[in-house]
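**Student:** Take this structure, written in structure tokens, and hold onto it; I'll ask about it next.
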Amino acid sequence: MPHIEIDGKTIEVAPGATLMDAANQAGIFIPHFCYHKKLSIAANCRMCLVEVEKAPKPLPACATPVTEGMKVRTHSAKAVAAQKGVMELLLINHPLDCPICDQGGECQLQDLAVGYGASASRYAEPKRVVREKDLGPLIATDMTRCIHCSRCVRFSQEIAGRMELGMVHRGEHTEVMPFLEQQMHSELSGNVIDLCPVGALTSKPFRYSARTWELSRRKSISPHDGLGANLQLHTKDNRVYRVVPQENEAINECWLADRDRYAYEALNSEERLTRPMVRDGDKWIEVDWQKALNQAAGALRVLRDTHGGNALAALASPHQTLEELHLLQKLMRGLGSGRIEHRLGQADFSGDAKRQGVTWLGMPIAELNQLQRVLLIGATLRKEQPLIAQRLRQAVKFGAQLNVLHAADDDLYCRVANKLIVKPSAWVNALAQVAKALQEAGASLPAELAGQLNDITVSDSARAIAASLNTGERKALLLGAVAQNHPAAAQLHQLVAAIAAACGAKLGFLSPAANSVGAQLVGVQSGPVALDAKGYLLLGVEPELDAHNGPELLKALQAAECVVALTAFKGRVMDYADVVLPIAPFSETAGSFVNMEGRLQSFHAAVTPQGEARPAWKVLRVLGNLFNLAGFEQNSAEEVRQEALPQGEAGIAARLDNAIHGVALALQPPGAGIERLGEVPIYQLDPLVRRAPALQQTQDARDAACAWASGALIQRLNLIDGEHVRVRQAGAEAVLRLCRDDRLPDDVLRVAAAHPLTAGLAGRFGAISVEAV
Amino acid sequence: MRHGGQAFLELGKPNNGGTKIFSVSGHVNKPGNYEVGLGTPFAELLAMAGGVRSGHKLKAVIPGGSSAPVLPGEVMMDLTMDFDSIAKAGSMLGSGAVIVMDDSVCMVKALERLAYFYFEESCGQCTPCREGTGWMYRVVHRIEHGEGRPEDLDLLMSVGDNIAGRTICALGDAAVGPVQSFIKHFRQEFEYHIEHKKCLVGA
Ligand code: SF4
Ligand code: SF4
Ligand code: FES
């Protein structure tokens, strides 16, 4: 390991370390702009020039590897002269419009200019002005401020996986711009705001709304996907103004998905429910909490007393906190009901009886980067878990073979080794082929399975996937949200478990929601969603969107005698609820989420609840009191958590287990006909993102409103790309714009689930037809 | 090739062996490519190229391509065309593109053209060159157009110091070479320009 003397300190550094690494290790700050620990080295800003003994010129610390015995001075007269010289040149064409710049106060250029800049400029020539770029609804530009560090360009290429930004023109005319006037569509685009060392790229929704020094910073946890990204909520006047990443190398590193970054806008939505309300015939009346709670408890009590506990059912969102979910199930069980479910989007619950554990990722998130072999099953990964997709992209960069089974050949922005792209009903058969190919290659399968594979014909792709999984180390088979909501989810799980065992791979669930694991831990799962209850208690759900079969559940709710909804938002719930109780979203309550790797992450309220909204755990506790149930005396979210998970995180690990046994397989080949691929779109995941205006203006949001089919299918059906069509599924229909995507098989129609335009359709998968309107 | 490597080496002088093709351009009667042994006196090369245009005197020579620092004509007349001797005089033999300027040349205008070239050619990747070449060009342009200021010359020298040796590639150094050498050797001409807002040469 090489030694280096840096500013008089001798240290030993890792082989291949740069002077910048050495300085960081020694706690010495070297000014820099283009250097970023997660990006490749560009060495273009020249701010990090330092003096190296025996080198005739100052050398860039970020790009100079340490060699044995090197002597470096980072703050000598020669180094500082070089740094100041560069700073002067960086500033000559900079507008220095700090007073109207959103970056002001958190600007690397501004900060360093204080230390390395002169008080007046010697540049007396006209300054450069650069035309603005339209990067879409999320990112504002002031390209005249750009210092050409290329961080944003390198990010888009290396981390986001698609070069959506580039440097064009030469010399002084060099500009950063999107490719051919496109916008930025990456689901990770907002990270360029954090990366940009100046105010060239800033947040569009946040623009001009607050100064950085006016904002308080509160740590929190993302309530959206199963990653559990660590957040900083920036607040002022009891309002969340923006969200930025809180670095956590084990989870989100220094990144955030746009969903985590911009969903906060919904917290201040007009649609927030801020007062309890009760239905009076066709009218809603605002009432005080006591009246609303009494009415809710009274109605539910009558139903329970008349029809028994199981006449009541609770539906909860896995985006609610662990504490809330715990108290909900405790309340329901106290009332004698065992019908408490969070998996509204799921169709197949037959696996519940065949497994014991809480399903989870099967490994720490950080290990994803180290995988050598992966099979992704039914995961629309870039939209489901954008930062997991990013980690797998890095794994592929280091040589991992990524294999895919899906009904859409979406671009993952990395190399895919082998793929099976078939309609959903063919997935069980496809996995059976992979299993059989492994068997033929000598792997042993469980006896119950092995006997069933005789009639399976192995395709070349399945054989290639098996061959890939049969080599290498550190392998994983990952079940995505589409697989988990698949009508044959249990069979998929069973087959994947067998394949994983046969090839020595880990089996993981890409838990779709922030608290999917937490909800299982506290027992908010009881099997198929109750459709015959007389009374429903809803916690944070929007059933018509969240349910696998929305119309069916909607009918059940409309038929019920009493529906009590704990919700942060008004919305369609007002059509069928009898009492609505305003609850605090994650930013306004203390709570915890357990992410897909089983990590318990707690957070405090960043602001106080809006209007009369209350943290849901308090509401549930009071409901428990009103029913005179024992054990509803908790005084804080911590107390609830302590009760729910007495051993904390330590107790979680023992309960995580993806094993499954004895699911019977139906291996007949799929039938003919067009099938629906119904995924939850990236910006329809939960009630918050659904109400985030900027996210709803993105290309992703627009795409979700269309029906997608391959060109061949469009032609076969005599339809016209771009026109509106009527899709019909099980007697229900929707009118959508038809769009072409040749990455779909010719018998798949991609129609988003959890979307207002498709909420009338019954079931996320299955036969569907499409015709001209 | 027929005579072997040693014979070729001996065509030049010690440490500067062999021949080199000089591409002589500018104010000579017979511009063109001349292959001579290294160490050939500049005066001889100039004569081969037909000498300076009649009625004019040699003023300055850029001995090794546009990035090589310029040398006054009288200095050049005492030098031999080889790497060591040109380097000793503060320039470089570089590409061997010898640019000859006679007394009709305005050094400010000549530098403006060179500075524009480097400003145009910067790739823009790294800061000193991207920003600095434009700055130098604009200042020289101002001087040439009668808008120079007394402090401009020191400014140009200092901006040059902030570029040279700090860029990713050699274009930064190349851009600075002409600026600093023109001012060093022909400073009065620049000062005249600044003070009188017009050219010394035409005056
Ligand atoms: S980017 Fe920084 S230096 Fe530039 S105007 Fe904004 S605050 Fe000022
Ligand atoms: S826009 Fe920002 S991040 Fe991108 S090159 Fe310019 S200064 Fe760097
Ligand atoms: S940080 Fe080293 S050159 Fe930019």
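**Student:** Give me the accessible area per residue for chain A, probe 1.4 Å, as a whole number in Å². List each step's numbers first, then the result.
**Tutor:** On the way: 28150 Å² over 773 residues.
Here the per-residue accessible area is 36 Å².
**Student:** State to the nearest 20 debye the size of the charge dipole of segment A:399-530 about its Cα centre, where the only charges are +1 on K and R beta carbons and -1 on D and E beta carbons. Each step should come with its number before you reach the end.
**Tutor:** On the way: 8 positive and 8 negative charges, 39 e Å.
Computed charge dipole of segment A:399-530: roughly 180 debye.
**Student:** What net charge do the residues around A:Gly362 carry, taking every other residue with its C-beta under 10 Å from that of A:Gly362, with Lys and Arg at +1 and Asp and Glu at -1?
**Tutor:** On the way: positive: A:Lys506; negative: A:Glu367, A:Glu597, A:Asp657.
Result for the neighbourhood of A:Gly362: -2.
**Student:** Continuing with this model, one more query. Please label the shape of segment A:533-642 as rounded, prolate or oblate, based on the square roots a ≥ b ≥ c of the eigenvalues of the alpha-carbon gyration tensor (a/c under 1.5 means rounded; beyond that, a/b larger than b/c means prolate, else oblate). Could the numbers behind the result be given before it?
**Tutor:** Working: a/c = 1.76, a/b = 1.47, b/c = 1.20.
The shape class here is prolate.
**Student:** Once whole DSSP H runs in chain B are found, which of them have Cα atoms spread over 20 Å or more along the helix axis and a mean Kyte-Doolittle score of at least -1.0? Mind dumping the intermediate values first?
**Tutor:** On the way: long enough: B:107-121 (21 Å, 0.09); B:127-144 (26 Å, -0.69); B:171-196 (33 Å, -0.40).
Those that pass (Cα extent of 20 Å or more, hydropathy at least -1.0) are B:107-121, B:127-144, B:171-196.
**Student:** Chains B and A: what accessible area do they bury, summed, in square angstrom to the nearest 100, with a 1.4 Å probe?
**Tutor:** On the way: alone 10160 and 29340 Å², together 37120 Å².
In total, chains B and A hide about 2400 Å² from solvent.
**Student:** Which values, in whole Å and largest first, are the semi-axes of the equivalent ellipsoid of segment A:9-63 obtained as the square root of 5 times each eigenvalue of the Cα gyration tensor? Provide the component values of the computation, followed by the final result.
**Tutor:** Numbers: eigenvalues 54, 46, 21 Å².
Here the semi-axes work out to 16, 15, 10 Å.
**Student:** Another one. Heavy-atom accessible surface, probe 1.4 Å, ligands and DNA/RNA ignored: which residues of segment A:155-177 lose at least 50 Å² versus the isolated chain?
**Tutor:** A:Arg170, A:Gly171, A:Glu172
**Student:** Could you sort A:Glu286, A:Glu544 by accessible area so the largest value comes first, with the probe set to 1.4 Å?
**Tutor:** Details: A:Glu286 95, A:Glu544 10 Å².
Largest accessible area first, the list is A:Glu286, A:Glu544.
**Student:** A follow-up question, please. Counting only protein heavy atoms and using a 1.4 Å probe, what share of the accessible area of chain A belongs to carbon plus sulfur, as a whole percent?
**Tutor:** On the way: 14350 of 28150 Å².
Of all accessible area on chain A, carbon and sulfur atoms account for 51 percent.
**Student:** Once you list every other residue whose beta carbon is under 12 Å from the beta carbon of A:Gln157, what net charge do they have if Lys and Arg are +1 and Asp and Glu are -1? Working shown, then result.
**Tutor:** Values: positive: A:Arg151, A:Arg154, A:Arg162, A:Arg393, A:Lys397; negative: A:Glu158, A:Glu164.
Here the charged neighbours net out to +3.
**Student:** Given the peptides A:192-199, A:216-223, arrange them by the average over their residues of other C-beta atoms within 10 Å, most packed first. Each step should come with its number before you reach the end.
**Tutor:** Working: A:192-199: 24.2, A:216-223: 21.0.
Taking the mean over residues of other Cβ atoms within 10 Å, the ranking is A:192-199, A:216-223.
**Student:** Right, next: Calculate how large, on average over all directions, the projected area of the Cα convex hull of segment A:321-424 is; give the answer in nm² to one decimal. Don't jump to the answer; show the numbers that get you there.
**Tutor:** Working: hull surface 34.5 nm².
Over all viewing directions, segment A:321-424 projects a mean Cα-hull area of 8.6 nm².
**Student:** Right, something else. Please list B:108-115, A:331-338 highest first by mean number of surrounding beta-carbon atoms within 10 Å per residue.
**Tutor:** On the way: B:108-115: 21.6, A:331-338: 19.9.
Averaged packing, sorted descending, gives the order B:108-115, A:331-338.
**Student:** Oh, and also: Name the lysines eligible as straight-distance cross-link partners of A:Lys78: C-alpha to C-alpha under 16 Å, and not fewer than 8 places from it in the same chain.
**Tutor:** A:Lys54, A:Lys57
**Student:** Given points 7 Å out from each Cα along the Cα-Cβ axis, report the A:Ala630 to A:Phe179 separation in nanometres with one decimal.
**Tutor:** 6.6 nm
**Student:** Reachable lysines from A:Lys534, Cα under 18 Å, same-chain residues fewer than 8 places away excluded?
**Tutor:** A:Lys555
**Student:** If A:Lys397, B:Lys88 are ordered by their accessible area, calculated over protein heavy atoms with a 1.4 Å probe, which sequence runs from highest to lowest? Write down the numbers at each step before the final one.
**Tutor:** Working: A:Lys397 115, B:Lys88 185 Å².
Final ranking, largest accessible area leading: B:Lys88, A:Lys397.
**Student:** Under a 1.4 angstrom probe, counting protein chains only, how are A:Phe603, A:Phe179 ranked by accessible area, largest first? Display every interim value, and only then the final one.
**Tutor:** Details: A:Phe603 10, A:Phe179 135 Å².
Final ranking, largest accessible area leading: A:Phe179, A:Phe603.
**Student:** Relative to the longest principal axis of chain A, what angle (0 to 90°, nearest 10) does the C-alpha long axis of helix A:616-626 take?
**Tutor:** 30 degrees
**Student:** For chain B, go through all pairs of different Cα atoms, get the mean of 1/r, take its inverse, and jot down that Kirkwood value in Å. All intermediate terms of the calculation are to be shown ahead of the outcome.
**Tutor:** Details: mean 1/r = 0.0565 Å⁻¹.
Evaluated over chain B, this radius sits at 17.7 Å.
**Student:** Can you give the accessible area of B:His3, probe radius 1.4 Å, in Å² rounded to 10?
**Tutor:** Approximately 140 Å² for this residue.
**Student:** Would you check the accessible area of A:Leu545, probe 1.4 Å, heavy atoms only, in square angstrom rounded to 10?
**Tutor:** So the heavy atoms of A:Leu545 present about 20 Å² to solvent.
**Student:** For helix A:489-503, what angle does its Cα long axis make with the longest principal axis of chain A, in degrees from 0 to 90 and rounded to 10?
**Tutor:** For A:489-503 against chain A, the angle is about 50 degrees.
**Student:** Right, something else. Tell me the relative contact order for segment A:408-486 as a rounded percent, counting alpha carbon contacts under 8 Å between residues six or more apart.
**Tutor:** Values: 48 pairs, mean separation 26.6, N = 79.
It comes to 34 percent, rounded to a whole number.
**Student:** If you count only protein heavy atoms and use a 1.4 Å probe, how large is the accessible surface of A:Ser119, to the nearest 10 Å²?
**Tutor:** 130 Å²
**Student:** Dipole of segment B:51-118 (Lys/Arg Cβ +1, Asp/Glu Cβ -1, origin at the Cα centre): which of B:Tyr118, B:Met81, B:Gly65 lies farthest to the positive side?
**Tutor:** Ranked along the dipole, the leading option is B:Tyr118.
**Student:** Let me check against my output: what whole-number percent is the relative contact order of segment A:350-440, with C-alpha pairs under 8 Å and at least 6 apart? Walk me through the intermediate numbers first.
**Tutor:** Details: 92 pairs, mean separation 20.7, N = 91.
Result for segment A:350-440 is 23 percent.
**Student:** Quick one: check the C-alpha center-to-center distance for segment A:622-699 versus segment B:4-25, whole angstrom.
**Tutor:** 81 Å
**Student:** So, counting K/R as plus one and D/E as minus one, what does the shell of residues with Cβ under 12 Å around A:Glu544 add up to? The partial results should precede the final answer.
**Tutor:** Values: positive: A:Lys555, A:Arg572, A:Arg690; negative: A:Glu542, A:Asp546, A:Glu552, A:Asp575.
Counting the neighbours of A:Glu544, the net charge comes to -1.
**Student:** Relative to the isolated chain, which residues of segment B:160-177 have their accessible area cut by 30 Å² or more in the presence of all protein chains (1.4 Å probe, heavy atoms, no ligands or nucleic acids)?
**Tutor:** Flagged in segment B:160-177: B:Asn162, B:Gly165, B:Arg166, B:Ile168.
**Student:** Shape of segment A:481-572 from its Cα gyration tensor (a ≥ b ≥ c, root eigenvalues): rounded if a/c is under 1.5, otherwise prolate when a/b > b/c, or oblate?
**Tutor:** Working: a/c = 2.75, a/b = 2.16, b/c = 1.27.
Prolate, because a/c is 1.5 or more and a/b exceeds b/c.
**Student:** Between rounded, prolate and oblate, where does segment A:415-484 land on the alpha carbon gyration tensor, with a ≥ b ≥ c its root eigenvalues, rounded for a/c under 1.5, else prolate if a/b exceeds b/c? Numbers along the way, then the final one.
**Tutor:** On the way: a/c = 1.45, a/b = 1.11, b/c = 1.30.
Cα axes put segment A:415-484 in the rounded bin.
**Student:** Report, in listed order, any pair from B:Lys20/B:Lys59; A:Lys236/A:Lys570; A:Lys291/A:Lys570; A:Lys436/A:Lys506 with a Cα-Cα distance greater than 22 Å.
**Tutor:** Details: B:Lys20/B:Lys59 24 Å; A:Lys236/A:Lys570 25 Å; A:Lys291/A:Lys570 19 Å; A:Lys436/A:Lys506 19 Å.
In this structure, B:Lys20/B:Lys59; A:Lys236/A:Lys570 lie more than 22 Å apart at Cα.
**Student:** Can you bin every Cα-Cα distance in segment A:717-762 into 10 Å intervals starting at zero and give me the percent of pairs per bin, rounded to whole numbers?
**Tutor:** Each 10 Å bin holds this share of Cα pairs: 24, 57, 19.
**Student:** Right, next: Over chain A, what is the relative contact order in whole percent, taking alpha-carbon pairs under 8 Å and six or more residues apart?
**Tutor:** Details: 1715 pairs, mean separation 103.2, N = 773.
The value is 13 percent.
**Student:** Expressed as cubic angstrom per residue, what is the convex hull volume of the alpha carbon set of segment A:217-346? Don't skip to the answer; put the middle values down first.
**Tutor:** Values: hull volume 21.4 nm³, N = 130.
So the per-residue Cα hull volume is 165 Å³.
**Student:** For the protein assembly as shown, just the Cα set please: Rg and Dmax, both in angstrom.
**Tutor:** Computed over the Cα atoms of the protein assembly as shown, radius of gyration and Dmax are 35.8, 122 Å.
**Student:** Relative to the Cα centre, what is the charge dipole magnitude of chain A, using +1 at the beta carbon of each Lys and Arg, -1 at the beta carbon of each Asp and Glu, and rounding to the nearest 20 debye?
**Tutor:** Working: 80 positive and 84 negative charges, 170 e Å.
For chain A, the charge dipole is close to 820 debye.
**Student:** In addition: Cα centroid distance between segment A:352-420 and segment B:41-101, in Å?
**Tutor:** Spelled out, the Cα-based centre of one part sits 67 Å from the other.
**Student:** Of the peptides A:42-54, A:459-471, how do they stack up when ordered by the mean number of other Cβ atoms within 10 Å, highest first? Intermediate results must be reported in sequence, preceding the final value.
**Tutor:** Numbers: A:42-54: 23.2, A:459-471: 19.8.
For the peptides A:42-54, A:459-471, the packing ranking is A:42-54, A:459-471.
The values are calculated or read from the model by the stated rules, or taken from the named source; none is laboratory data. Nothing here was measured: the structure is a model prediction, and the numbers come from that model. Cβ coordinates were reconstructed from backbone atoms using ideal geometry, including for glycine residues, and neighbour counts include every protein chain displayed. Protein only, heavy atoms only, side chains kept; ligands, DNA and RNA dropped before computing areas. Shrake-Rupley method; radii C 1.70, N 1.55, O 1.52, S 1.80 Å.
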